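Participant: Mind having a look at this structure? Questions to follow.
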Amino acid sequence: GAVVSQHPSWVICKSGTSVKIECRSLDFQATTMFWYRQFPKQSLMLMATSNEGSKATYEQGVEKDKFLINHASLTLSTLTVTSAHPEDSSFYICSVAPRRNEQFFGPGTRLTVL
Amino acid sequence: GESVGLHLPTLSVQEGDNSIINCAYSNSASDYFIWYKQESGKGPQFIIDIRSNMDKRQGQRVTVLLNKTVKHLSLQIAATQPGDSAVYFCAEKLQAGTALIFGKGTTLSVSS
């Protein structure tokens, strides 16, 4: 399977600040990456599909101006949570799909907004 | 809307027992299903998958069964070990796209 890393693994920030989370595909050139959010004791919810060299596709209810996605290279996608608030505190996970029916996940980033 | 769900939020077993985790799905258009294991504070880890044209697939200590008639998916873990303790999610993929729809998860606790 594909190896995916995320940085940072956890971050604590003040309300109103912006936080950037990186997702790297270490052994696979990913034209598409996915960003998920997971609240405590809940399942993963797809936020957006990140496309290399083009705009991301956001799921219904996800604010594209608040969750900025940049997929500038085949190995890196970034998610920036702008003007973060406590309700944005969550576990953010990215994934890559090397083949049509496969999807491998990163280790996740725990965001806590004070 | 249509979604994947699990019958039980928690399952407790003794070490060495066989575990069965169930999942019901409602979208008949789904053609691919995956079971993931998620340990606390980590991303989901692929366990086993099955295509809709199959009804059973076996891996190492794990078996996935698919019953399309009743839209039911199950994960069987043989000789459950303490290291199997985690949250297990089933996920389905529709024919039209590549996004996964996750179920709610079952927390498996294995006691020695």
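Participant: Below 11 angstrom from the Cβ of B:Ser111, what's the summed charge of the other residues (Lys, Arg +1; Asp, Glu -1)? Walk me through the numbers on the way to the answer.
Facilitator: Details: positive: none; negative: B:Glu15, B:Asp17.
Taking every other residue near B:Ser111 into account, the sum is -2.
Participant: Now a separate question. Cα to Cα, under 19 Å, and not fewer than 8 places away if on the same chain: which aspartates and glutamates meet these conditions relative to B:Lys93?
Facilitator: A:Glu59, A:Glu102, B:Glu2, B:Asp31, B:Asp49, B:Asp55
Participant: Can you give me the long-range amide H partners of B:Gly105? Hydrogens built in the peptide plane at 1.01 Å from N, cutoff under 5 Å, separation of 5 or more residues or another chain.
Facilitator: B:Leu6, B:Cys90
Participant: While we're looking at this one, here's another question. If the cut-off is 20 Å between C-alpha atoms, which lysines fall inside it for A:Lys64, apart from same-chain ones fewer than 8 positions away?
Facilitator: Here the lysines satisfying the reach criterion relative to A:Lys64 are A:Lys20, A:Lys55.
Participant: Taking the Cα centre of chain B as origin, sum charge times position over the Cβ atoms of Lys and Arg (+1) and Asp and Glu (-1), and report the length of that vector in debye to the nearest 20.
Facilitator: 200 debye
Participant: Let me ask something else. Sort A:Asp88, B:Asp31, A:Asp65 by Cβ crowding within 10 Å, fewest neighbours at the top.
Facilitator: Details: A:Asp88 19, B:Asp31 15, A:Asp65 8.
Placing the least packed residue first, the sequence is A:Asp65, B:Asp31, A:Asp88.
Participant: Order by neighbour count: A:His71, B:His72, fewest other Cβ atoms within 10 Å first, most last.
Facilitator: Exposure proxy ranking, most exposed first: B:His72, A:His71.
Participant: Would you mind checking the pairs B:Lys68/B:Lys104; B:Lys42/B:Lys68; A:Lys66/B:Lys71 and listing those with alpha carbons more than 27 angstrom apart?
Facilitator: B:Lys42/B:Lys68; A:Lys66/B:Lys71
Participant: Between A:Glu63 and A:Cys13, what is the label-to-label distance in nm when each label sits 7 Å out along the Cα-to-Cβ direction?
Facilitator: About 1.3 nm, to one decimal.
Participant: Please list, in order along the stretch A:13-21, the HN-Hα scalar couplings obtained from phi with the Karplus expression 6.51 cos²θ - 1.76 cosθ + 1.60 (θ = phi - 60°), rounded to whole Hz, x for Gly and Pro.
Facilitator: For the stretch A:13-21, the Karplus-derived couplings read 9, 7, 4, x, 8, 10, 10, 10, 10 Hz, x marking Gly and Pro.
Participant: In the stretch B:21-63, with Lys and Arg counted as +1 and Asp and Glu as -1 at Cβ, which of these residues, B:Asn27, B:Ser52, B:Ser40, has the Cα nearest the positive end of the dipole, that is, farthest along it?
Facilitator: So the residue we want is B:Ser40.
Participant: Moving on. Are there cysteines in the protein assembly as shown with no second cysteine's Cβ under 4.7 Å away, and if so, which?
Facilitator: Here A:Cys13 come out as lacking a disulfide-compatible partner, given the Cβ-Cβ threshold of under 4.7 Å.
Participant: List B:Tyr25, B:Tyr32 from most exposed to least, where exposure is judged by having the fewest other Cβ atoms within 10 Å.
Facilitator: In order of increasing Cβ crowding within 10 Å: B:Tyr32, B:Tyr25.
Read the figures in this text as sums done on the coordinates, not as results from a lab. Computed from a prediction, not measured in an experiment: that's the story for all the values here. We place every Cβ from the backbone using ideal geometry, glycine too, and count neighbours over all the protein chains shown.
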